[in-house]
1. In the list Gly409, Gly341, which residue meets the criterion of being free of Cβ contacts under 8 Å to residues at least 24 places away in the same chain, more than 16 Å from ligand 2 (Cβ to nearest atom) and either over 30 Å from Asn445 (Cα atoms) or in the same structural domain as Gly313 (by TED's automatic domain parsing) (or both)?
2. List every residue pair whose Cβ atoms lie under 8 Å apart, where the two residues are 6 or more positions apart in sequence or sit on different chains, the first residue falls within the range 75-87 and is under 14 Å from Ala54 (Cβ atoms), and the second residue, located anywhere, is among the charged types (D, E, K, R) and surrounded by 12 or more Cβ atoms within 10 Å (Cβ to Cβ).
3. Return the residue satisfying two criteria in turn: it lies in the range 344-379 and is without any contact (Cβ under 8 Å) to a residue 24 or more places away in the chain and surrounded by fewer than 20 Cβ atoms within 10 Å (Cβ to Cβ), and of such residues it is farthest from ligand 1 (Cβ to nearest atom).
4. Checking the conditions here, which among Ile241, Ile258, Ile250 is in contact with a Leu (Cβ under 8 Å, 6 or more places away or on another chain), more than 11 Å from ligand 1 (Cβ to nearest atom), modelled with pLDDT under 80 and of a type outside the set (Gly, Ala, Ser)?
5. Check Ala437, Ala365, Ala432 and return the single one that is outside the structural domain of Gly224 (by TED's automatic domain parsing) and either in contact with a strand residue (DSSP E or B) (Cβ under 8 Å, 6 or more places away or on another chain) or within 19 Å of Pro190 (Cβ to Cβ) (or both).
6. Hey, can you tell me all the residues within the range 196-213 that are without any contact (Cβ under 8 Å) to a residue 60 or more places away in the chain, in a helix (DSSP H, G or I) and not hydroxyl-bearing (Ser, Thr, Tyr)?
7. Out of Ala10, Ala54, report the one residue that is touching a Ser or Thr at 6+ places or on another chain (Cβ under 9 Å), outside any loop (DSSP other than H, G, I, E, B) and among the small types (Gly, Ala, Ser).
Amino acid sequence: MSQLESLREAARVSPDNIPLQMLFGEACLNEFAADEAMGAFQQVLKLNPSHPEARIGLARALHHTGRTSEAVVRLEALVAERPELSAAWLHLSRFLMAEGLRDQAKACYEKSLALPGGLPDPALEQELYLRGGTEKPSDSKGLGRVTSEGWEAPIATEERGFSGSPMGADGFDGIEQPDLNFDDIGGMEPVKEEIRMKIIYPLKNPDLFRAYGKKAGGGVLLYGPPGCGKTLISRATAGEIEANFLSIGIHQILDLYIGESEKNLHKLFELARDNAPAILFFDEVDALAADRRDLRKSAGRTLINQFLAEMDGNVASNDGLLILGATNAPWHIDPAFRRPGRFDRILFVPPPDEEAREAIITILAKGKPVSQLDARSLAQKTRNFSGADLKAIFDTAVERSLAQAMKQGQVVPITQRDLLDVAKSIRSSTQAWFESAKNYALYSNQGGFYNDVLAFLGIKK
Ligand SMILES: Nc1ncnc2c1ncn2[C@@H]1O[C@H](COP(=O)(O)OP(=O)(O)O)[C@@H](O)[C@H]1O
Ligand SMILES: [Mg+2]
């Protein structure tokens, strides 16, 4: 059964399962089954009439079937009620643009970008600002491109990096030699061991590997809930083997100018090859696959093909080049990426268990004025917390203590009580992820892809 078929079957059997209906609706949209998508979102709205994502989904389905003006009306109602929803503004912008209402579309796009969680849409941006637009292309903040000297901003803006870019500050930061290693990471022992086996030992003992008929190379894909150390351990891997580290968010590769994305990607691989041994780290790889079925369908496909060719070493030798990817949404990843020689080792990065939390807490407390830390008992009281959630406890406690210190003119130690108090006010962020993951694991577990997730949840296969 294809993923869509399994979801259809599951959705039919469990009409009241909202997350499942949402997944099914989304999958239908991806496969251009607009009528079915509409049915799924309407089903959700029957159960919960204000469900914002379902309302957006329904509007998207309407747009797919040519009922764009109805989609606009519905989203205008939604943003009037919930002006904080960046995704609603973004889709409204797309539909307005499709209706030829460029100025209104621009205003909505800018609203969406300004909101938390607002993501740029290069293809839409191109339509809004470039094609026959009033602004000069140089005004639209281009993405920059990779050259042999590094990553350069577009010529027009002369500044390096992405600071003026709507792509956010998390772009390509050049070549880095991270000064952290596995000791700076609490827990994650199974992941560390896999990375040693797949990346570190082969690099250190290439002959030994060949003697067993094994080929070094290929990539490792890390997936799991946000904030559990995927990005961190990737940087630490580079530190561990003293390799260069090149990190790139996929959104930074998608260029405003069609056809430039492939070139950017190629240049990035070349830059990494020139600086081998190097780790090329693709953060949020799912963006690549998700974009493919979007408006940018055909452009996305060539980019994926370019990516695969570079990974396969068809373009140039990848000796000394290690490829890591990370994603919170493995279900969006094109299966072609999982073939041998590509991301052929897929690792689930779970939230830290109690012992790992204790280790992370100890690491986080280092260098801070914490008095009488009891890492064990804090770990016991932070079930389901991610590493990022634990970090948030310390960040907040530090802020509070600093505010006091400013008033008193002296250091005010952070106590165990402070930490426990703050912990109570922070909600663990990993559960939402497991709600989605569980549905994929139960209903679309092709090739046992999600067995680790099921095992973690204590569900028998
Ligand atoms: N195992 C860990 N050990 C120490 N710190 C951690 C760990 N996991 C997460 N953190 C903290 O949480 C932050 C976010 O982690 P990150 O690697 O960005 O998560 P992900 O990439 O999985 O979303 C890190 O910068 C670090 O401060
Ligand atoms: Mg990350």
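1. Values: Gly341 fails: free of Cβ contacts under 8 Å to residues at least 24 places away in the same chain.
Being free of Cβ contacts under 8 Å to residues at least 24 places away in the same chain, more than 16 Å from ligand 2 (Cβ to nearest atom) and either over 30 Å from Asn445 (Cα atoms) or in the same structural domain as Gly313 (by TED's automatic domain parsing) (or both) holds for just one of Gly409, Gly341, which is Gly409.
2. Leu75/Arg55; Leu78/Arg55; Ala87/Glu53
3. We begin by selecting, within the range 344-379, every residue without any contact (Cβ under 8 Å) to a residue 24 or more places away in the chain; these are 366-367, 375-376.
Of the ones still in play, those that are also surrounded by fewer than 20 Cβ atoms within 10 Å (Cβ to Cβ) are 366-367, 376.
On the way: Lys366: 10, Gly367: 13, Arg376: 16 Å.
Ranking the candidates gives Arg376 first.
4. On the way: Ile241 fails: modelled with pLDDT under 80; Ile258 fails: in contact with a Leu (Cβ under 8 Å, 6 or more places away or on another chain).
Exactly one of Ile241, Ile258, Ile250 is in contact with a Leu (Cβ under 8 Å, 6 or more places away or on another chain), more than 11 Å from ligand 1 (Cβ to nearest atom), modelled with pLDDT under 80 and of a type outside the set (Gly, Ala, Ser), namely Ile250.
5. Details: Ala365 fails: either in contact with a strand residue (DSSP E or B) (Cβ under 8 Å, 6 or more places away or on another chain) or within 19 Å of Pro190 (Cβ to Cβ) (or both); Ala432 fails: either in contact with a strand residue (DSSP E or B) (Cβ under 8 Å, 6 or more places away or on another chain) or within 19 Å of Pro190 (Cβ to Cβ) (or both).
Going through Ala437, Ala365, Ala432 in turn, just one is outside the structural domain of Gly224 (by TED's automatic domain parsing) and either in contact with a strand residue (DSSP E or B) (Cβ under 8 Å, 6 or more places away or on another chain) or within 19 Å of Pro190 (Cβ to Cβ) (or both): Ala437.
6. Here is the first cut: in the range 196-213, the ones without any contact (Cβ under 8 Å) to a residue 60 or more places away in the chain are 196-197, 200-202, 204-213.
Filter once more, so that each one left must be in a helix (DSSP H, G or I): 196-197, 200-202, 204, 206-211.
Correct list: Arg196, Met197, Ile200, Pro202, Lys204, Pro206, Asp207, Leu208, Phe209, Arg210, Ala211.
7. Working: Ala54 fails: touching a Ser or Thr at 6+ places or on another chain (Cβ under 9 Å).
The unique qualifying residue is Ala10.
Yes/no per residue for (1) within 28 Å of Gly249 (Cβ to Cβ); (2) part of a helix (DSSP H, G or I); (3) in the same structural domain as Arg12 (by TED's automatic domain parsing):
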residue	(1), (2), (3)
Glu36	no, yes, yes
Gln43	no, yes, yes
Val72	no, yes, yes
Leu90	yes, yes, yes
Lys111	yes, yes, yes
Pro120	yes, no, yes
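The values are calculated or read from the model by the stated rules, or taken from the named source; none is laboratory data. These figures come from a predicted structure and were not determined experimentally. So basically every Cβ, Gly included, is an ideal-geometry build from the backbone, and we count neighbours across all protein chains shown.
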